[in-house]
Ligand code: NCD
């Protein structure tokens, strides 16, 4: 039976469903996952470059015994032959693909694919809009490291406006009761850039000692034409460097969705610090995506 449930936005899963994905991900850290995607075809359709997310989905699909097809823009006829997005989706479905994992630079494009595909579509990032599986892995990682997230002060720092990671992860962390804060300059952060209930701050140094966890973000230069703030000023105010590391609590984890730009949002010292939990984050990404795929195909 072809799975029909989509995961396009973090609010497509309710809290019980997210909890169940997390519980299964925890199990998969202890024992091998079942071969529950055997006989299913997964297509990973990435119109935007990706290392982690693409390979992470591929690892998850292969752990479950699925058949995996990887497509990047150069191989797609819509990139060079003018085929429409919805027609590509119809074609993939007719070819026998059951699960479509898609990333696209335009907001809403993955939703369009999903509507035409009529199978199971997972959003691996659409423009600045949403990246719901990153929200799952960020929240899973922070729950693992901090325990109960109710009241925990979690800050996202940097280019909030263009970060689909921030947009999705903030919402899920709020649902788990975290006090979410957004820190950045006006050109990357205004009220409309964050969900309701997220506190906006400009002074990174003042916030640092009060945080339970920190999520650093890349400046998404591919999403705007000209850097809206002087690079030197951005670095002076928002880069996590050795002095700022000293202001952060000794047990506060530092996360980053990757790819991280050394010298811009973080310095080398950060990657050597015991609070830098990027590797766990990436490992958890595979566990969480494995659990999600199993649930989307076999139910809750
Ligand atoms: C992010 C993305 O593509 O949205 N990376 C990721 O998926 N782990 C963030 C980024 O590109 O900066």
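We did not get these values from a lab; they are worked out from the coordinates using the rules stated. Since we're looking at a predicted model, the values are computed, not measured. Note: ideal-geometry Cβ built from the backbone for every residue, glycine included; neighbour counts use all protein chains shown.
Expressed as a rounded percentage, what relative contact order does segment 132-277 have, with Cα pairs under 8 Å and six or more residues apart? Kindly include the intermediate steps, with their values, before the conclusion.
Working: 247 pairs, mean separation 34.6, N = 146.
Computed value for segment 132-277: 24 percent relative contact order.
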Cα axis of helix 164-175 to longest principal axis of the chain: angle in degrees, 0 to 90, nearest 10?
80 degrees
Could you work out how far helix 52-63 tilts from the main Cα principal axis of the chain, as a 0 to 90 degree angle to the nearest 10?
50 degrees
Against the longest alpha carbon principal axis of the chain, how many degrees, from 0 to 90 and to the nearest 10, is the axis of helix 278-298 turned?
30 degrees
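Going by the alpha-carbon gyration tensor, a ≥ b ≥ c the square roots of its eigenvalues, is segment 217-256 rounded (a/c under 1.5) or, if a/c is not under 1.5, prolate (a/b greater than b/c) versus oblate? Working shown, then result.
Details: a/c = 5.22, a/b = 1.91, b/c = 2.73.
Note, shape of segment 217-256 comes out oblate.
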Relative contact order of the chain, pairs being alpha-carbon contacts under 8 Å that are 6 or more residues apart, as %
21 percent
Span from the segment 225-300 Cα centroid across to the segment 52-94 one, whole angstrom
27 Å
Cα centroid of segment 1-48 to Cα centroid of segment 141-160, whole Å
23 Å
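Does segment 42-144 come out rounded, prolate or oblate, given a ≥ b ≥ c as the square roots of the eigenvalues of its C-alpha gyration tensor, rounded meaning a/c under 1.5 and, failing that, prolate meaning a/b above b/c? Write down the numbers at each step before the final one.
On the way: a/c = 1.82, a/b = 1.43, b/c = 1.28.
Judged from the Cα gyration tensor, segment 42-144 comes out prolate (a/c at least 1.5, a/b above b/c).
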Over its alpha-carbon atoms, the chain yields an Rg and a Dmax in Å of 19.1, 57
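For segment 109-197, what class follows from the C-alpha gyration tensor (a ≥ b ≥ c being the square roots of its eigenvalues): rounded when a/c is under 1.5, otherwise prolate if a/b is larger than b/c, else oblate?
Since a/c reaches 1.5 but b/c is at least a/b, the shape of segment 109-197 is classed as oblate.
Could you give the length gained by full extension between residue 80 and residue 223, i.e. 0.36 nm per residue of separation minus their alpha carbon distance, to one decimal place?
Details: separation 143, 0.36 × 143 = 51.48 nm, distance 2.21 nm.
Going from the current span to full extension adds 49.3 nm.
Working out 0.36 nm times the residue gap between residue 35 and residue 268, then minus their Cα-Cα distance, what length gain in nm do you get to one decimal?
Going from the current span to full extension adds 79.9 nm.
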Have a look at 94, 109, 33 and tell me which one the Gaussian network model of the chain (Cα, springs below 10 Å) gives the largest fluctuation.
94
Put in order of increasing Cβ neighbours within 10 Å, starting from the fewest, 149, 255 give 149, 255
Label-point separation, residue 283 to residue 71 (7 Å along Cα→Cβ), nm
3.5 nm
Under a crude label model (7 Å from the Cα following the beta-carbon direction), how far is residue 90 from residue 203 in nanometres?
5.9 nm
Highest first, please rank the peptides 211-220, 34-43, 232-241 by the mean number of other Cβ atoms sitting within 10 Å of their residues.
211-220, 34-43, 232-241
May I ask you to list the residues of segment 51-86 whose amide nitrogen lies under 16 Å from a point 7 Å from Cα along the Cα→beta-carbon direction of residue 27?
64-65
Arranged from highest to lowest average of other beta-carbon atoms within 10 Å per residue, in what order do the peptides 95-104, 287-296 appear?
287-296, 95-104
Using only DSSP helix segments of four residues or longer, with each worth -39500 (n - 2.57), what per-residue ellipticity at 222 nm results for the chain after dividing by its residue count and rounding to 500?
-12000 deg cm²/dmol
